[in-house]
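One structure is given below, encoded as structure tokens.
The values are calculated or read from the model by the stated rules, or taken from the named source; none is laboratory data. The shown structure was predicted, so the numbers you read here are calculated from the model rather than taken from an experiment. Every residue, glycine as well, gets a Cβ built from its backbone with ideal geometry; the counts of neighbours run over all protein chains shown. To get the accessible areas, we keep the full protein, side chains included, count just its heavy atoms, and leave off ligands, DNA and RNA. Shrake-Rupley method; radii C 1.70, N 1.55, O 1.52, S 1.80 Å.
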Amino acid sequence: MADNGESKPSAWNNPEFRPDLAFPQLTEDMVERLMAYGREETFPANVTLFKQGERQVDMFVVLDGEVEIFLPATNGEPKIIASHRRFEFSGELNLLTSQGSLVEARTVSESRLLRIPRNELQRLMRSEGEIANLITSATIWRRIGIIGEATGGVVLIGHAGDAEMTELQRFFVRNNYPHRIMEAPAEEATTTDDLLSDTESRLPAVALSDGRTLHRPTITQLADELGITELPDPEMIYDVTVVGAGPSGLAAAVYAASEGLCTLVVEGTAPGGQAGTSSKIENYLGFPTGISGQRLASRAQLQALKFGVRFAISREIVTAEQSDGIHKLTLAGGIPVCSRAVVVASGAQYRKLSVENYAQYENRGIYYAATAMESVLCRDNEVIVVGGGNSAGQAAVFLSGVAKHVHHIVRGKSLAATMSQYLISRIESSSHITLYTHSEIVKLEGESSLECVTWINRKTGESTMKPIRTVFVMIGAEPNTGWLYGTVRLDKKGFIVTGGSDGFENTPYATSVPGMYAVGDVRASSVKRVASAVGEGSVVISDVHRYLADHRNNFAAEPNSALAALRLASAAAATPQS
Ligand SMILES: Cc1cc2nc3c(=O)[nH]c(=O)nc-3n(C[C@H](O)[C@H](O)[C@H](O)COP(=O)(O)OP(=O)(O)OC[C@H]3O[C@@H](n4cnc5c(N)ncnc54)[C@H](O)[C@@H]3O)c2cc1C
């Protein structure tokens, strides 16, 4: 690491940063084992090994010499953040993904390096447990270091509380992408500043490290631009495609890949699902002081990456069909994915309140997640939490530590039937939370964002109006199955029915479509909890294995003809009928 007299990277000032874990030295024995996966190459000084934005960069182990890692800066000199010497290695989180590289690497002096190409790296990660764990841990800590760098990543420019700004920020946070927030000055003040000279209508904007600025980008545009999306290979037939990277999908992916299945995960937004929006999950086994949903998801994603799972992030599956035993899923934008088996883990999304002008205030005062990110928006102000379930209870308790006061509104007569006792006790004992039973929000007011809320007690008729700018709505969820209508058997509420006479085989997670399984919250009659979602995702893989083994001969017979048939079918569907 750069400790040879240069100023230390800012991440080092963070007491939580662990340089010993971020920059471990391989032992002689480890390097000897690694020789089987790569080839030795000698480079003169000042050779660029990889540049920022490049995908699928190889890993380099320094045998002799020195390699410098630096962050290209948006304005000014590139910043050296690490220096690898004998038996140290290059690469951060993008070593496990196909994301574009955040950093650049070049030789400082003539250097003898062991280059481990990408395909060999995946083999290494599966076969060399001890080294794989060391690399995985180093890549996480290096990413943490880069996120902590004042100059790392992109700059998000806009106004705090603006709906689009919040959406972009959430996208960066949930994908662990290094970013900084810059509050845009008021309109009249922008004319002198090059970076911020765009009119308000072009905000929020994202300044990239190559000097370009994207104005009001969509999430998909950003994911493509920054290399967060890894598009699936259209020529490939995956053993299993997991739709959704919430707890159930991530668990399925880890078990599938660790047991040798060629696995793809397609996720519409960011890993974590509903759990990713929870500030603290306290009832998941093994975390006695609780864990944030975001952290749990990041760890699970890394575990999956370590085993070679491919992730297509920020792309939804929009249709599913099956021909000759092969499933064809189509991603938004028309990209096809072919797979022998499918695990549907697309979960659920928040229900909304039926109040006039509601949509106008979504992300402009109405939120569905109460994490550290949202808490910044309501620090020291009064807030409302709506809902009687555990997610609402958690939010109320969490927010009572940051907000001035929490008004907790529920329609029922108490919390007893819907919330865990530990949360009820905390709510009852908090002087920062007031519970309003039998109550409903009836009016939302405000110019560009929410400014005032009125609610009514349906039992007494008493109405309360308060100048409150932030409402957290947590009133349950609806299944994400719109993309499956007409394909798979659903119950009246749209959840997927599985098992028994409803399934193509008599196993608990089998749907009505052969080779398609459903797990977690999207499955009718599942227990809507993190632990059960993880359990179902883990267990379903044994059914998938059995299904693949039973149908091996069908797949092996003519996989290409099945693919060709699917392509012809899609081409015919895309051709306008005369
Ligand atoms: C705020 C909050 C707090 C919670 N706290 C707890 C708790 O403390 N303890 C507990 O046990 N449970 C808790 N829960 C419930 C728990 O989070 C869920 O039961 C769990 O997340 C369900 O996991 P899942 O993987 O089945 O689905 P989800 O978490 O809903 O994940 C589904 C994923 O699929 C993606 N997706 C949807 N459609 C598509 C598509 N067409 N293509 C691609 N991707 C798609 C979504 O973007 C999402 O990421 C909480 C829920 C919330 C909302």
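Numbers for the structure displayed
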quantity	calculated
Residue that is touching a strand residue (DSSP E or B) at 6+ places or on another chain (Cβ under 7 Å), over 23 Å from Ile326 (Cβ atoms) and at pLDDT below 95, where the choices are Ala477, Ala524	Ala477
Those residues of the stretch 534-554 which are open to solvent by 70 Å² or more (accessible area, probe 1.4 Å) and either within 16 Å of the ligand (Cβ to nearest atom) or within 22 Å of the chain's Cα centre (by Cα) (or both), in sequence order	Val539
Looking only at the stretch 339-362, and only at residues there that are surrounded by 17 or more Cβ atoms within 10 Å (Cβ to Cβ) and more than 16 Å from the ligand (Cβ to nearest atom), the one that is nearest to Ala275 (Cα to Cα)	Tyr361
Selection within the stretch 190-227 - open to solvent by less than 50 Å² (accessible area, probe 1.4 Å) and modelled with pLDDT under 80	Thr190, Leu196, Asp198, Ser209, Gly227
Leading residue by the ranking (farthest from the ligand (Cβ to nearest atom)) among those in the stretch 520-533 that are of a type outside the set (S, T, N, Q) and open to solvent by less than 30 Å² (accessible area, probe 1.4 Å)	Ala524
Condition met for Gln122 (surrounded by fewer than 21 Cβ atoms within 10 Å (Cβ to Cβ), in a helix (DSSP H, G or I) and not aromatic (Phe, Trp, Tyr))	yes
Complete set of residues in the stretch 413-432 that are more than 31 Å from the chain's Cα centre (by Cα) and surrounded by 13 or more Cβ atoms within 10 Å (Cβ to Cβ)	Ser414, Leu415, Ser430, His432
Residue in the stretch 500-519 that is at pLDDT 95 or above, within 12 Å of the ligand (Cβ to nearest atom) and within 23 Å of Met419 (Cβ to Cβ) present	no
Complete set of residues in the stretch 14-59 that are under 18 Å from Ser83 (Cα atoms) and in a strand (DSSP E or B)	Thr42, Phe43, Thr48, Leu49, Phe50, Met59
Of residues in the stretch 312-327 being open to solvent by less than 30 Å² (accessible area, probe 1.4 Å) and within 11 Å of the ligand (Cβ to nearest atom), the one farthest from Tyr177 (Cα to Cα)	Ala320
Scan of the stretch 277-301 for residues that are part of a helix (DSSP H, G or I) and either open to solvent by 20 Å² or more (accessible area, probe 1.4 Å) or near the ligand (Cβ under 8 Å from one of its atoms) (or both), ordered by number	Thr277, Gly293, Gln294, Arg295, Leu296, Ser298, Arg299, Ala300, Gln301
Residue match in the stretch 383-400 (condition: open to solvent by 30 Å² or more (accessible area, probe 1.4 Å) and not in a helix (DSSP H, G or I))	no
Check on Ser375, touching a helix residue (DSSP H, G or I) at 6+ places or on another chain (Cβ under 9 Å), open to solvent by 30 Å² or more (accessible area, probe 1.4 Å) and either of a type outside the set (Val, Ile, Thr) or part of a strand (DSSP E or B) (or both)	no
Residues being basic (Lys, Arg) and either part of a loop (DSSP other than H, G, I, E, B) or over 20 Å from Arg55 (Cβ atoms) (or both) - total across the stretch 78-119	4
Checking Ala417 against (1) of a type in the set (A, V, I, L, M, F, W, C); (2) at pLDDT 95 or above; (3) out of contact with any Ser or Thr (no Cβ under 7 Å at 6 or more places or on another chain), the condition it does not meet	(2)
Residues of the stretch 232-264 classified as in contact with a Phe, Trp or Tyr (Cβ under 7 Å, 6 or more places away or on another chain) and open to solvent by 10 Å² or more (accessible area, probe 1.4 Å), total	3
Odd one out for Phe287, checked against (1) hydrophobic (A, V, I, L, M, F, W, C); (2) out of contact with any strand residue (DSSP E or B) (no Cβ under 8 Å at 6 or more places or on another chain); (3) without any contact (Cβ under 8 Å) to a residue 60 or more places away in the chain	(2)
Tally, over the stretch 462-488, of residues that are within 11 Å of the ligand (Cβ to nearest atom), outside any loop (DSSP other than H, G, I, E, B) and of a type in the set (A, V, I, L, M, F, W, C)	5
Residues being touching a Leu at 6+ places or on another chain (Cβ under 8 Å) and part of a loop (DSSP other than H, G, I, E, B) - total across the stretch 489-523	1
Residue satisfying all of: in the stretch 234-270; over 20 Å from Ile219 (Cβ atoms) and among the charged types (D, E, K, R); farthest from the ligand (Cβ to nearest atom) among these	Glu235
